[in-house]
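In what follows, a structure is listed as structure tokens, so that the remarks can point back to it.
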Amino acid sequence: MKVLVIDDEPQIRRALRAGLERGNWEVLLAANGEEGLDMAAENNPDVIILDLAMPGIDGYEVCRQIRTWSKTPIIVLSVREGEEDKIQALDLGADDYLTKPFGIGELMARVRAVLRRSSAQDENEPTYTCDNLQIDFAHRRVLLGGVEVHLTPKEYDLLCYMAQNADRVLTHRQLLTKVWGPEYANDSHTLRVHIANLRTKIEEHPERPRFVHTETRVGYRFRSTEA
């Protein structure tokens, strides 16, 4: 497996190379956005780890350009902690977000998660199973412990989109645009109501959800494994 690290800080590149190589990854390093775009096109990495704050072509533009021709999972790194930065990167197509400083163990867990999601999408299975939850895409049915759960059409579409992007943070705007349409992109109240209703139907403890997790002020994440 091959990972491309795009970061202008030499110490970060060295630390990531050491940690990733211990996990038996082939590591490619790029010191700026322009070099990163070239290496992404030439080497077809399995995962891209991308810094946002770089001189010249910044991480936002790198992400935007890569998404015009590649679905390679992108994990964004940044010293910026504001929700707006996270939302902008995710809306541009990033799959996950880590704020510096971070532990290599947490990064590796995020890498494994985006690879699981990418593999599941490639397999294009007619059903999706996570613990005792099963989604039958062909027949638009949801089973919980073998018992059918009756969802409204929008609840079903919302669950399907999140499950098909399991372990990825999806912003409010992404979910609203995908499920309801562009004219609902800012209707966060509608999304909150449907998420609450969905949790009451598929979660054993809606107040401590197993599947649909809140990413505060950013969006939601469907977890394929226990948190």
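The values are calculated or read from the model by the stated rules, or taken from the named source; none is laboratory data. Keep in mind that this is a model prediction, so the values were computed, not measured. Glycine gets a Cβ as well: all are built from the backbone with ideal geometry, and neighbour counts include every protein chain shown. Quick note on the areas: whole protein, heavy atoms, side chains included, nothing else; ligands and nucleic acids left out. Shrake-Rupley method; radii C 1.70, N 1.55, O 1.52, S 1.80 Å.
Given the structure, is Gly56 touching a residue at least 12 places away in the same chain (Cβ under 8 Å), crowded, with 22+ Cβ neighbours inside 10 Å, over 21 Å from Arg117 (Cβ atoms) and not acidic (Asp, Glu)?
No: the conditions fail for Gly56.
Exactly one condition in (1) crowded, with 17+ Cβ neighbours inside 10 Å; (2) under 13 Å from the mean Cα position of the chain (by Cα); (3) modelled with pLDDT under 95; (4) not basic (Lys, Arg) is not met by Gln121; state its number.
Of everything listed in (1) crowded, with 17+ Cβ neighbours inside 10 Å; (2) under 13 Å from the mean Cα position of the chain (by Cα); (3) modelled with pLDDT under 95; (4) not basic (Lys, Arg), Gln121 misses just condition (1).
Of the residues Val142, Val114, Val62, which is under 29 Å from His194 (Cα atoms), at pLDDT 95 or above and hydrophobic (A, V, I, L, M, F, W, C)?
Working: Val114 fails: at pLDDT 95 or above; Val62 fails: under 29 Å from His194 (Cα atoms).
Result: Val142 is the single residue among Val142, Val114, Val62 that is under 29 Å from His194 (Cα atoms), at pLDDT 95 or above and hydrophobic (A, V, I, L, M, F, W, C).
Sort out which residues of the stretch 152-184 are among the aromatic types (Phe, Trp, Tyr) and more than 17 Å from the chain's Cα centre (by Cα), and write them in order of number.
Residues of the stretch 152-184 among the aromatic types (Phe, Trp, Tyr): 156, 161, 180, 184.
Scanning the stretch 152-184 gives Tyr156, Trp180, Tyr184.
List pairs: first in the stretch 21-46 and farther than 23 Å from Ile104 by Cα and free of Cβ contacts under 8 Å to residues at least 60 places away in the same chain, second open to solvent by 60 Å² or more (accessible area, probe 1.4 Å) and of a type in the set (Gly, Ala, Ser), Cβ under 8 Å, 6+ apart or cross-chain?
So the pair list comes out as Glu34/Gly56.
Please state which one of Arg64, Arg17, Arg22 is surrounded by fewer than 21 Cβ atoms within 10 Å (Cβ to Cβ), of a type in the set (Lys, Arg) and within 26 Å of Thr216 (Cβ to Cβ).
The match here is Arg64.
With (1) within 24 Å of Arg117 (Cα to Cα); (2) part of a helix (DSSP H, G or I) as the list, and Ser224 as the residue in question, which single condition is left unmet?
For Ser224, the failing item is (2).
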